[in-house]
């Protein structure tokens with residue numbers, strides 16, 4: 001049994017995890033050591049040493065990473081640390097199943113060891129996520145530890161978290177998602193939990209813990225709304241609740257112009273809320289920021305059209321003008337270039353059958369308008385399909401996905 005051995009920390013040692021490895025695989029391993037011979041004083045010493053070891057390893061890893069210049073070498077060392085810690089975690093959990101750890105002081109050492117490994121794994125996944133395979137399946141033992149840790153913190157957060165007025169049902173959605181993750185009900189068997197999932201839920205809970213420590217950026221969004229938008233919490237229930245709450249606020253304005261002004265202000269302040277890069281509750285779904293921005297745009301287009309579509313009596317100056325005629329066009333919230341992408345894809349897939357793409361544009365475009373242009377040019381739309389912008393492609397894809405989701409609801 002190894003207890004007294006100590007070493008001087010050195011950044012040049014060949015195996016930085018040597019002490020942790022030795023404690024887990026030998027000292028606290030009932031298969032190799034008579035763990036019962038560890039005295040309460042020695043157990044307390046191990047717990048104290050564990051905290052120092054965690055701090056040392058964090059510092060060592062940061063120094064090693066910053067001393068390297070090649071991304072490949074950094075990726076290798078990060079993944080090596082990460083995979084080794086997971087192996088040690090599996091071993092530690094297996095040790096803890098032995099009845100010897102019923103003894104309170106030994107149980108404390110075991111729990112401290114598991115906590116130390118979990119803290120180191122969390123540190124690597126938070127600080128060096130770009131070097132890990134974040135979409136890989138999480139090992140079962142590691143997932144169990146992560147869920148237990150989140151469950152304990154969540155219980156503490158719920159007791160002291162007091163939402164602002166109007167935030168309760170938004171907070172309930174976030175809390176319910178965390179509870180589902182902790183209980184294992186969030187994902188199906190065919191949809192494995194990944195390291196990215198674990199990291200996101202940790203960040204979500206951490207953000208809820210720190211709500212009272214943050215400052216609001218906008219004047220119309222609550223602190224919770226700002227936080228969830230920043231974390232790209234693109235959960236369908238949150239989107240529905242947020243847009244319903246915002247619509248209720250706007251509809252309280254009696255005058256149509258006041259509604260337009262307030263809605264425009266909400267959209268403006270949304271653009272000031274910068275989302276975290278490469279972060280999403282549902283990575284395969286559209287960005288929350290984009291979804292809300294499109295919703296604001298569509299509602300504004302509707303209200304602005306409603307404001308200008310007045311009934312025109314005979315004998316007024318507006319009678320017979322182009323503006324009056326244009327009210328019979330179909331208003332599309334996509335831009336001219338985005339409509340062109342849709343029509344081109346329909347032609348390429350023979351969803352719309354015509355002798356040429358130009359003929360499709362000539363037949364359909366005169367009956368379409370956008371919020372930015374009343375009169376669209378078939379020739380201009382066709383020419384823009386030769387050089388398609390990535391941003392326009394993304395918006396069209398997100399729009400089609402929304403249509404797919406809506407069709408599934410029918």
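Computed quantities for the displayed model
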read-out: Evaluation of residue 83 against (1) in contact with a helix residue (DSSP H, G or I) (Cβ under 7 Å, 6 or more places away or on another chain); (2) without any contact (Cβ under 8 Å) to a residue 60 or more places away in the chain (one fails), failing number; value: (1)
read-out: Check on residue 38, buried (at least 17 other Cβ atoms within 10 Å of the Cβ) and under 27 Å from residue 136 (Cα atoms); value: no
read-out: Residue in segment 310-325 that is at pLDDT below 50 and surrounded by 14 or more Cβ atoms within 10 Å (Cβ to Cβ) present; value: yes
read-out: Filter pass, residue 245 being surrounded by fewer than 14 Cβ atoms within 10 Å (Cβ to Cβ) and either within 27 Å of residue 334 (Cα to Cα) or at pLDDT below 85 (or both); value: no
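Residue-wise test of (1) over 18 Å from the mean Cα position of the chain (by Cα); (2) assigned by TED's automatic domain parsing to the domain that holds residue 77; (3) surrounded by fewer than 20 Cβ atoms within 10 Å (Cβ to Cβ); (4) touching a residue at least 40 places away in the same chain (Cβ under 8 Å).
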position	(1), (2), (3), (4)
116	yes, yes, no, yes
119	yes, yes, yes, yes
126	no, yes, yes, yes
137	no, no, yes, yes
141	yes, no, yes, yes
152	yes, no, yes, no
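The values are calculated or read from the model by the stated rules, or taken from the named source; none is laboratory data. Since the model is a prediction, treat every value here as computed from it, not as a measurement. Heads up, the Cβs are rebuilt from the backbone with ideal geometry, glycines too, and the neighbour counts pull from every protein chain shown.
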